[in-house]
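Okay, structure first, notes after.
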There are 2 protein chains.
Amino acid sequence: MLLWQANSLIFAPMELQNDILLRVANGQTVERPPVWLMRQAGRILPEYRAVRASLSGFKELVETPALAAEVTIQPVDILGVDAAIIFSDILVIPEAMGLKYEMIEKKGPSFPETIQTEADVERLITDEDAASELTYVYDALALTKKQLAGRVPLIGFAGAPWTIFAYMIEGGGSKTFSKARRMLFREPALSHRLLEKITMTTIAYLKQKVAHGADLIQLFDSWAGILSPKLYNEFALPYLGKIATALHEEVPVTLFAKDAWHALEGLAEQPCNVIGLDWTQNPQIARQRVGDKVALQGNLDPCQLYAEPEQVAQAATEMLKAFGGQHIANLGHGVYPDTPLDGVRAFINAVQAFRY
Amino acid sequence: MLLWQANSLIFAPMELQNDILLRVANGQTVERPPVWLMRQAGRILPEYRAVRASLSGFKELVETPALAAEVTIQPVDILGVDAAIIFSDILVIPEAMGLKYEMIEKKGPSFPETIQTEADVERLITDEDAASELTYVYDALALTKKQLAGRVPLIGFAGAPWTIFAYMIEGGGSKTFSKARRMLFREPALSHRLLEKITMTTIAYLKQKVAHGADLIQLFDSWAGILSPKLYNEFALPYLGKIATALHEEVPVTLFAKDAWHALEGLAEQPCNVIGLDWTQNPQIARQRVGDKVALQGNLDPCQLYAEPEQVAQAATEMLKAFGGQHIANLGHGVYPDTPLDGVRAFINAVQAFRY
């Protein structure tokens with residue numbers, strides 16, 4: 001297919017020098033797995049911390065394209081990963097829909113206003129009206145793409161509708177997201193209406209991301225694991241499927257439903273290219289469950305990188321053998337901020353030295 | 001076997017009027033499932049909140065036998081559940097081992113001192129020396145047993161060694177418990193040494209609980225789900241097995257490894273009577289995985305109780321049919337504090353009206 005190439009021609013008529021990630025996502029056979037890390041543009045890098053320290057807060061970094069581009073490219077320059085992922089936040093979508101958020105240091109996101117009633121849902125800005133608010137994201141993508149100059153592909157992302165819904169109802173992080181889950185039980189029709197609005201807005205947003213340079217799109221369903229299979233199949237999976245359907249002819253799509261161990265078969269039925277795995281999944285069993293239509297991404301325990309570099313390399317190699325192919329090497333979750341760089345480098349180097 | 005009867009003779013020579021929980025745990029066929037709720041002695045009851053409001057804090061309630069007995073019995077009187085579970089806290093074990101904790105309102109537990117080095121591990125009080133510190137727990141059990149006067153069985157509990165380890169390293173709750181997991185990767189031998197100490201102390205503690213009236217013991221592995229299967233099998237499951245081995249000839253043992261979806265087969269291989277399921281498990285598939293040696297406990301989504309009572313009753317009945325027998329009805333996690341009592345009653349009543 002290589003439709004991503006057609007797209008990238010829109011704004012950057014250049015071949016990628018390293019397209020191994022996209023070849024795997026598009027089902028091609030490669031000599032070794034590509035590797036990148038969720039949250040690679042972040043606090044593990046001293047260079048990131050230096051940029052961040054000069055700013056008033058996390059959101060200033062998200063909203064300033066030149067700075068977002070800078071930290072997006074840092075791990076490509078410093079760690080040599082096979083992909084960049086645009087520095088941003090999944091919560092720009094609820095904000096564009098009308099719910100401003102604050103990022104509170106050491107605590108996480110907080111929404112002063114939340115969604116509780118039908119009137120709250122009706123009041124939301126949606127679709128292109130909301131997506132068009134996020135020009136700073138698109139500018140960051142275009143600038144990053146230009147500065148990458150074809151070195152590696154650029155990944156765009158969004159939160160999955162259920163995860164965004166959870167924040168919009170709950171108003172911040174939560175151990176249980178019991179308010180959001182209560183809404184599914186008490187107001188199923190209203191829940192679907194809100195999920196539909198988030199979905200349509202996310203599609204408009206991601207199409208803009210693709211138009212501005214994203215070569216692959218990943219959807220993060222960070223709170224997938226707190227839903228029962230029945231609720232996941234009713235309130236989460238169909239909306240992931242809608243987004244994948246709207247995008248997969250333009251760019252490869254990765255679905256990552258963290259901790260939804262029961263959902264692998266359902267995810268693989270969506271029109272997607274890659275399924276992300278957390279570290280509780282066994283690579284071989286996961287492959288049996290999804291068949292051979294999709295690539296798998298993951299899934300080293302982020303805490304493995306705290307071990308000595310030789311142990312990290314050994315664990316990485318064992319993982320690569322367990323996947324055996326059709327695989328994008330990554331952790332099973334975002335890299336933890338206090339991870340030693342030696343461990344990160346040992347992981348990346350082990351993958352890049354590996355040959356099938 | 002009915003060994004629990006032999007034990008109960010030690011201090012309370014009376015037959016239980018309602019022993020349906022123990023009959024299911026001991027593999028007998030019953031006319032309907034027994035029902036109780038994790039965290040039933042707690043904030044869902046106005047009567048509990050009234051007791052709690054009169055005190056300086058949560059720990060005063062845990063450490064005052066007359067009050068602990070009072071709130072333990074409240075759900076038996078008010079809700080008519082088929083078992084009482086002693087009001088206590090899994091963190092009394094690390095405290096008895098030398099790490100005092102505070103319970104901070106709306107935040108959770110906090111340990112001013114944590115375990116970081118070998119010297120920290122060596123310094124811990126263990127076994128009977130630690131268990132003998134917890135006389136207030138044993139007194140609460142004996143008093144509860146007396147006041148229950150044989151109405152329903154009394155459940156005793158402890159945290160699983162991995163979960164207690166996680167708190168002792170981390171110093172409190174955590175989204176990732178990455179410090180505790182880092183210890184497993186960086187200091188596996190020291191980790192095993194600490195887990196062994198927690199295990200031996202927990203055995204001494206639970207034997208005292210049984211001697212003072214516990215008719216069944218449940219082990220809560222609350223943070224089981226953040227370990228990979230490989231780490232769970234190395235650092236968690238063997239210690240659960242040791243505790244089950246030490247206790248199962250005296251009383252039935254329930255193992256509840258929340259979110260460790262991959263561990264069911266391994267749990268069923270331990271000498272235990274009941275396996276608890278969180279709400280992401282499908283009852284039929286779980287039964288296929290564990291075979292017919294154990295009863296299953298759970299697993300309604302706690303958020304289901306926010307729905308209208310008729311819907312709660314319907315969902316409960318569907319769940320009971322899906323389990324089909326060898327089943328102790330419960331939620332898939334502790335009942336959330338803001339759950340409406342109408343929902344709680346609808347659940348309990350639906351179970352008690354059900355017939356196989």
* **Unmet criterion (only one of (1) away from chain B (no Cβ under 14 Å); (2) in contact with a Phe, Trp or Tyr (Cβ under 6 Å, 6 or more places away or on another chain)) for A:L184** => (1)
* (1) surrounded by fewer than 24 Cβ atoms within 10 Å (Cβ to Cβ); (2) aromatic (F, W, Y); (3) touching a strand residue (DSSP E or B) at 6+ places or on another chain (Cβ under 9 Å): which one isn't true of A:F347, the others all being true? -> (1)
* Structure fact -> Exception for B:A268 within (1) closer than 30 Å to A:M183 by Cβ; (2) aliphatic (A, V, I, L, M); (3) surrounded by fewer than 24 Cβ atoms within 10 Å (Cβ to Cβ) falls at (1)
* **Conditions (1) surrounded by fewer than 22 Cβ atoms within 10 Å (Cβ to Cβ); (2) in a helix (DSSP H, G or I): number failed by B:A166** => (1)
* To do: Go through region B:259-294 and count every residue that is under 18 Å from B:I243 (Cα atoms) and more than 11 Å from chain A (Cβ to nearest Cβ).
  => 14
* Asked: With respect to the numbered conditions (1) free of Cβ contacts under 8 Å to residues at least 60 places away in the same chain; (2) of a type outside the set (S, T, Y); (3) touching a Gly at 6+ places or on another chain (Cβ under 9 Å), which one is the sole condition not fulfilled by B:E234?
  -> (3)
* For region B:309-322, indicate whether the set of residues that are within 17 Å of B:E265 (Cβ to Cβ), of a type in the set (D, E, K, R), surrounded by fewer than 23 Cβ atoms within 10 Å (Cβ to Cβ) and in contact (Cβ under 8 Å) with a residue 24 or more places away in the chain is non-empty. => no
* Sole exception among (1) among the small types (G, A, S); (2) within 21 Å of the chain's Cα centre (by Cα); (3) assigned to a loop (DSSP other than H, G, I, E, B) for A:A142, by number -> (3)
* Asked: If we only count helices (runs of 4 or more DSSP H) wholly inside region A:236-301, which ones have 1 or more residues that are aromatic (F, W, Y)?
  -> A:237-247
* Structure fact -> (1) of a type outside the set (A, V, I, L, M); (2) closer than 30 Å to B:L300 by Cα; (3) touching a Phe, Trp or Tyr at 6+ places or on another chain (Cβ under 7 Å) all hold for A:G266 apart from (3)
* **Candidates B:D129, B:D139, B:D215 - the one that is under 25 Å from B:P238 (Cβ atoms), among the charged types (D, E, K, R) and away from every other protein chain (no Cβ under 14 Å)** => B:D129
* Inspect region B:244-261 for any residue being more than 17 Å from the chain's Cα centre (by Cα), on the phi > 0 side of the Ramachandran plot and not aliphatic (A, V, I, L, M) and give the result as yes or no. => no
* Asked: Looking at region B:171-181, is at least one residue within 12 Å of chain A (Cβ to nearest Cβ), crowded, with 24+ Cβ neighbours inside 10 Å and charged (D, E, K, R)?
  -> yes
* Asked: Quick check: anything in region A:192-212 touching a residue at least 40 places away in the same chain (Cβ under 8 Å) and within 14 Å of chain B (Cβ to nearest Cβ)?
  -> no
* Asked: Does A:G291 meet the test of being under 29 Å from B:I285 (Cβ atoms) and surrounded by fewer than 22 Cβ atoms within 10 Å (Cβ to Cβ)?
  -> yes
* Kindly provide the set of residues from region B:316-337 that are out of contact with any Gly (no Cβ under 8 Å at 6 or more places or on another chain) and facing chain A (nearest Cβ under 9 Å), ordered by number. => B:H333, B:Y336
* Structure fact -> Here the residues within region B:70-86 that are farther than 17 Å from B:D215 by Cβ and crowded, with 18+ Cβ neighbours inside 10 Å are B:E70, B:V71, B:Q74, B:L79
* Structure fact -> Residue count, region B:42-69, condition crowded, with 16+ Cβ neighbours inside 10 Å, touching a residue at least 60 places away in the same chain (Cβ under 8 Å) and either assigned to a loop (DSSP other than H, G, I, E, B) or not β-branched (V, I, T) (or both), comes to 8
* Structure fact -> Note on A:P33: of the conditions (1) crowded, with 17+ Cβ neighbours inside 10 Å; (2) modelled with pLDDT of 95 or more; (3) under 18 Å from A:Q147 (Cα atoms), unmet is (3)
* To do: For region B:19-41, name all the residues that are without any contact (Cβ under 8 Å) to a residue 12 or more places away in the chain and in a helix (DSSP H, G or I).
  => B:R23
* Please verify whether region B:110-121 includes one or more residues that are modelled with pLDDT under 95, surrounded by fewer than 18 Cβ atoms within 10 Å (Cβ to Cβ) and touching a helix residue (DSSP H, G or I) at 6+ places or on another chain (Cβ under 9 Å). => no
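Yes or no, residue by residue, for (1) touching a strand residue (DSSP E or B) at 6+ places or on another chain (Cβ under 9 Å); (2) more than 23 Å from A:D301 (Cα to Cα); (3) surrounded by 24 or more Cβ atoms within 10 Å (Cβ to Cβ); (4) within 14 Å of chain A (Cβ to nearest Cβ):
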| position | (1), (2), (3), (4) |
| --- | --- |
| B:S222 | yes, no, no, yes |
| B:N233 | no, no, no, yes |
| B:L240 | yes, no, yes, no |
| B:A246 | no, yes, no, no |
| B:L255 | yes, yes, yes, no |
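The values are calculated or read from the model by the stated rules, or taken from the named source; none is laboratory data. Note that the structure is a prediction, hence the values are computed from the model and not measured. Positions of Cβ are backbone-derived with ideal geometry, glycine not excepted, and every protein chain shown enters the neighbour counts.
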